[in-house]
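The values are calculated or read from the model by the stated rules, or taken from the named source; none is laboratory data. Predicted model, so just to flag it, every value in this text is computed and none were measured. All Cβ positions, even for glycine, are placed from backbone atoms using ideal geometry, and neighbour counts span all protein chains on display.
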Amino acid sequence: MGYQDKAGLLSQLEKRMSAEMIADQMNMALRIVADVMEGFEVEEKAQLAEDQEDDLLESFLAAMRVQGRSVKTIDRYRYIIERMMQYARVSTRRITVYHLRGYIASEKDRGICDGTLEGYRAIFSAYFHWLQRESLIERDPTANLGTIKKPKKQKQIYSEVDVELLKSTCGNARDRAIVTFLGATGCRISEAVELDRDQVDLQNLECVVHGKGDKERMVYLDPVAGMLLREYLDERTDNCKALFIGQHGERLQAGGVRAMLNRVAEAAGVEHVHPHKFRRTLATNLTKHGMPIQEVAAILGHEKLDTTMQYVVLDNETTKNAYKRYR
């Protein structure tokens, strides 16, 4: 083989080696690019999941608004769920029953009562059950959480003497009107303070209140409550449309009613005074006088009779007399 043939062969070998090396380098480069792109895709999917994660709670609360739940209820759901998520420190889709149990146990250690903890459990159950029903999570972590047993306490109602002591201890017409109004109507404190003067029909002793979920219902006043309410309204010289006002002529708030009841209760020597106890007292008294439980539920604004039954306090003597009457 001559020199030129050798030189030509070497030239061809160099070209082929160069081409093969370039191909290897290209293949290596393509593999690197593919790895980078795959990592980018994973990060992109993770970011997408994170963005969707932020929308889960908002979607649930939006559904509650569509269902007509009150602003206070929605705010409470948000607060409780967000606190649990802060404790768990994982995404909603990674929440397990162990996170929920751990959070509830930590709240119990803080001294939160079992009744409140059962309310937390009900909120978590509603949230995760909705997410599963909407196919936003695969499994409901509350399925095996179990209810929290609450100690059964004997509920108390106001006696006739308690009510008279409270009314006689009130220092002005407004406070007497509030005590008798709550006792006669069974209104929630939020419903009472949101009423305007023109919503109360003192002629027919009735008024329309807006309850939970902005649902309207009719409540009624007895003659004494109507008389005391009229006395209070007749002495007012302000232009505020609110039924009950504070010292500076503005609408009275729920906290103001509670503070007033605490002062009056301490002066009267009546224990365990709070606004909701008036609802329980009314429900119990109406039931004792023979009103059907369905009508009691309508007055209190309850959708479920089971809720109304929890308000009714029947003593042994009442039960015994009812037994004798129907035997």
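Is region 110-123 home to any residue that is within 20 Å of residue 92 (Cα to Cα), loosely packed, with under 13 Cβ neighbours inside 10 Å, modelled with pLDDT under 95 and not assigned by TED's automatic domain parsing to the domain that holds residue 313?
no
Considering only residues that are of a type outside the set (Phe, Trp, Tyr) and touching a Leu at 6+ places or on another chain (Cβ under 7 Å), look in region 208-221 and name the one that is modelled with the highest pLDDT. Lay out the reasoning, then the answer.
Here is the first cut: in region 208-221, the ones of a type outside the set (Phe, Trp, Tyr) are 208-219, 221.
With touching a Leu at 6+ places or on another chain (Cβ under 7 Å) added as a condition, the list becomes 209, 221.
Working: 209: 88, 221: 93.
Checked region 208-221; the qualifying residue modelled with the highest pLDDT is 221.
Among the candidates 201, 238, single out the residue that is surrounded by fewer than 12 Cβ atoms within 10 Å (Cβ to Cβ) and not basic (Lys, Arg). Full working, then the answer.
Details: 201 fails: surrounded by fewer than 12 Cβ atoms within 10 Å (Cβ to Cβ).
Of 201, 238, the one residue that is surrounded by fewer than 12 Cβ atoms within 10 Å (Cβ to Cβ) and not basic (Lys, Arg) is 238.
Consider residue 236 carefully, then state whether it is in the same structural domain as residue 165 (by TED's automatic domain parsing) and free of Cβ contacts under 8 Å to residues at least 60 places away in the same chain.
Details: in the same structural domain as residue 165 (by TED's automatic domain parsing): yes; free of Cβ contacts under 8 Å to residues at least 60 places away in the same chain: yes.
So residue 236 passes the test.
Residue 166 passes all but one of (1) assigned to a helix (DSSP H, G or I); (2) outside the structural domain of residue 259 (by TED's automatic domain parsing); (3) modelled with pLDDT of 90 or more; (4) of a type outside the set (Phe, Trp, Tyr); which number fails?
Looking at each condition in turn, residue 166 falls short on (2).
Could you go through region 60-71 and let me know if any residue there is surrounded by 13 or more Cβ atoms within 10 Å (Cβ to Cβ) and either more than 20 Å from the chain's Cα centre (by Cα) or among the β-branched types (Val, Ile, Thr) (or both).
No, there is no match, as no residue in region 60-71 is surrounded by 13 or more Cβ atoms within 10 Å (Cβ to Cβ) and either more than 20 Å from the chain's Cα centre (by Cα) or among the β-branched types (Val, Ile, Thr) (or both).
Can you tell me which residues in region 189-207 are in contact with a helix residue (DSSP H, G or I) (Cβ under 9 Å, 6 or more places away or on another chain) and either in a helix (DSSP H, G or I) or at pLDDT below 90 (or both)?
Within region 189-207, 189, 190, 191, 192, 193, 197 meet the criteria.
The rows are residues; the columns are (1) closer than 18 Å to residue 189 by Cα; (2) β-branched (Val, Ile, Thr); (3) modelled with pLDDT of 85 or more.
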position: 265; (1), (2), (3): yes, no, yes
position: 268; (1), (2), (3): no, no, yes
position: 274; (1), (2), (3): yes, no, yes
position: 278; (1), (2), (3): yes, no, yes
position: 283; (1), (2), (3): yes, no, yes
position: 290; (1), (2), (3): no, no, no
position: 295; (1), (2), (3): no, no, yes
position: 302; (1), (2), (3): yes, no, no
position: 306; (1), (2), (3): no, no, no
